[in-house]
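Contents: one structure, followed by commentary.
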Amino acid sequence: MSGKLRIGVMACVLGLSLLSIAYAQEAPTANLNVSVYSQYIWRGYELSKNSAVFFPSLTVGWKGFACNVWVDFDTNYHAEEPNTHRLWETDWVLTYANSISKLKYTVGWIYYDTNPPQGSGAIDSSAQELFLILGLDWPLLNPTFSVWSEIQNGPSWYMNLALSHSFGFGDGYSFDVGGWVSYWDKNNEAEEPYLDGYRSWHDGNLWAGLKIPLNKYISLTPKVQYSFPLSTGADRFMQMFSMHGNESQFVYGGLILDVTF
């Protein structure tokens, strides 16, 4: 087990231990989410190409506190020769969520652990962010504003404003639509010198999904998304990071299996 992986495991174990002590009389909740997508797009950047990507995620929580582990498994990793399957990323997340009247809030910490291909010359990399998510409990549009601050590799602030709406019908079915816009102030020169001083409207995303309940605990959701840049600077950087060096707009989708107890 790598040192970075140990940090993530220890953080989750410590968090869950404290929660189990604090809420020994409360029953915990658990959620297993497994998504298979045609592409991995993160904040507008293309992180996979021409392959199925799996995103298994497990969350355990008590009384608003939660620990989550999220994994990216690429079945045909494009940046490796010959292309092969790769467990590219593991994320560890600790959160606390609550509400004040109609205002919902979540505060948290996330640890990104990525695993570059052998022979690429890159070393295993990691990043950490603190984040705050604010949402209004409205019957229409469900506005959400989030701020993510990098704390390991230098100053970076990613801000996101999202809207969504769910049209329920039948017995637990819903048609869900939404979208977001973001602004990124990125100044981590030590990690990415070519992004030093990047401050711009960044990525936009539109999405739609159909939630299909299979039983009381399990649902299946087909989903489609469209990612696009919001400025000339964002378009340039998205093309720079794309697999072929010339793409900044992506249409992708997948299936989401969700199990909650």
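Taking first residues from segment 87-104 that are more than 26 Å from VAL71 (Cα to Cα) and partners that are part of a strand (DSSP E or B), the Cβ contacts under 6 Å between residues at least 6 apart in sequence or on separate chains come to LYS102/LEU136; LYS104/GLY135. The C-beta contact set for segment 216-233 (first residue under 30 Å from PHE261 (Cα atoms), second residue small (Gly, Ala, Ser) and in a helix (DSSP H, G or I), distance under 6 angstrom, 6+ apart or interchain) is empty. For segment 126-147, the set of residues classified as of a type in the set (Phe, Trp, Tyr) and more than 19 Å from the chain's Cα centre (by Cα) consists of TRP138 only. Please go through segment 122-146 and pick out each residue that is over 25 Å from GLY197 (Cα atoms), of a type in the set (A, V, I, L, M, F, W, C) and outside any strand (DSSP E or B). If the condition is that a residue be over 25 Å from GLY197 (Cα atoms), of a type in the set (A, V, I, L, M, F, W, C) and outside any strand (DSSP E or B), then TRP138, LEU140, LEU141 are the ones that fit.
Just one of the numbered conditions (1) surrounded by fewer than 18 Cβ atoms within 10 Å (Cβ to Cβ); (2) at pLDDT 95 or above; (3) in contact with an Asp or Glu (Cβ under 6 Å, 6 or more places away or on another chain) is not true of LYS63: (2). The one condition from (1) under 20 Å from the mean Cα position of the chain (by Cα); (2) within 21 Å of SER164 (Cβ to Cβ) that PHE241 does not meet is (2). Restricting the first member to segment 141-160 and to residues that are touching a residue at least 40 places away in the same chain (Cβ under 8 Å), and the second to residues that are buried (at least 17 other Cβ atoms within 10 Å of the Cβ) and outside any loop (DSSP other than H, G, I, E, B), the beta-carbon pairs closer than 6 Å and six or more apart or on different chains are TYR158/TRP148; TYR158/TRP184.
Filtering segment 197-230 down to residues that are exposed (fewer than 14 other Cβ atoms within 10 Å of the Cβ) and farther than 28 Å from VAL34 by Cα, which residue is nearest to the chain's Cα centre (by Cα)? Filtering first and then ranking leaves ARG199.
The set of residues in segment 31-47 that are farther than 11 Å from LEU257 by Cα and hydrophobic (A, V, I, L, M, F, W, C) comprises ILE41, TRP42, LEU47.
The values are calculated or read from the model by the stated rules, or taken from the named source; none is laboratory data. Because the structure is a prediction, the values reported are computed rather than measured. Heads up, the Cβs are rebuilt from the backbone with ideal geometry, glycines too, and the neighbour counts pull from every protein chain shown.
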